[in-house]
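The values are calculated or read from the model by the stated rules, or taken from the named source; none is laboratory data. Everything numeric in this text was worked out from a predicted model, so none of it was measured. With ideal geometry, Cβ positions are generated from the backbone for all residues, glycine too; neighbour counts draw on all protein chains shown.
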Amino acid sequence: MRNYETTFIVDPVLSGDEIKSTAQAYVEHLQKEGCEIVFVDEMGLRTLAYPINRKNSGVYYCVEYKASNGAFLQAFELALRRDERIMRFLTVALDKYGVQYNADKRDGKISKAKKKKQEKAAKTESSAHGVSRKKADAPKVTGVPSGDAAEAKKEEEE
């Protein structure tokens, strides 16, 4: 069995039900072809890097699946090309590292949320001690901002 991943962007002008039914239609199409669906990730509405069909955003879907061979891919991609609701798509054959990465991502081992929690814990730890990193690490300024150095010494002596 070979592992594949297809990411496609659905037109955001459609209603929420139409968007979900579009994605579901392609998942069902894959199942009819004999593919085993591993995971369907609705990434949601995202801003595009450049306009596509005069649209600046799209609803992203990523479908990970297993298939015995790649014979069905031409017909599947042709259906994606013909559908006006699909703005762009990309199908990738995954190697063992891609499969492991996706599995780790689903299990929560790889994510931005985990990094944010670690950063939050580090911030609360330093604030619990009453010392701010910015204040502690800042160099102490000793000197005269402007004017004559001799006048500053006289003022210090007085």
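Couple of notes before you dig in:
- Test: residue in segment 103-123 that is of a type in the set (Ser, Thr, Tyr), part of a strand (DSSP E or B) and at pLDDT 75 or above: no
- Residue check: Thr47 meets all listed conditions (1) β-branched (Val, Ile, Thr); (2) exposed (fewer than 14 other Cβ atoms within 10 Å of the Cβ); (3) touching a Phe, Trp or Tyr at 6+ places or on another chain (Cβ under 8 Å) but one, namely (3).
- Among the residues of segment 1-19, those identified as surrounded by fewer than 15 Cβ atoms within 10 Å (Cβ to Cβ) and either among the aromatic types (Phe, Trp, Tyr) or not in a helix (DSSP H, G or I) (or both) are Met1, Arg2, Val13, Leu14, Ser15.
- Residue in segment 66-73 that is more than 13 Å from Ile9 (Cβ to Cβ), in contact (Cβ under 8 Å) with a residue 12 or more places away in the chain, surrounded by 12 or more Cβ atoms within 10 Å (Cβ to Cβ) and of a type in the set (Ser, Thr, Tyr) present: yes
- Residue check for Thr22: surrounded by fewer than 12 Cβ atoms within 10 Å (Cβ to Cβ), of a type in the set (Val, Ile, Thr) and not in a loop (DSSP other than H, G, I, E, B): no
- Taking first residues from segment 14-39 that are under 18 Å from Gly70 (Cβ atoms) and partners that are of a type outside the set (A, V, I, L, M, F, W, C) and assigned to a loop (DSSP other than H, G, I, E, B), the Cβ contacts under 9 Å between residues at least 6 apart in sequence or on separate chains come to Tyr26/Asp83; Gly34/Ser68; Cys35/Ser68.
- Filtered by the rule that a residue be of a type outside the set (Ser, Thr, Tyr), closer than 13 Å to Glu5 by Cα and in contact with a Cys (Cβ under 8 Å, 6 or more places away or on another chain), segment 43-88 gives Lys66, Ala67.
For every residue, the table says whether it meets (1) loosely packed, with under 15 Cβ neighbours inside 10 Å; (2) at positive phi; (3) in a strand (DSSP E or B).
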site: Val63; (1), (2), (3): no, no, yes
site: Ala75; (1), (2), (3): yes, no, no
site: Glu84; (1), (2), (3): yes, no, no
site: Met87; (1), (2), (3): no, no, yes
site: Val92; (1), (2), (3): yes, no, yes
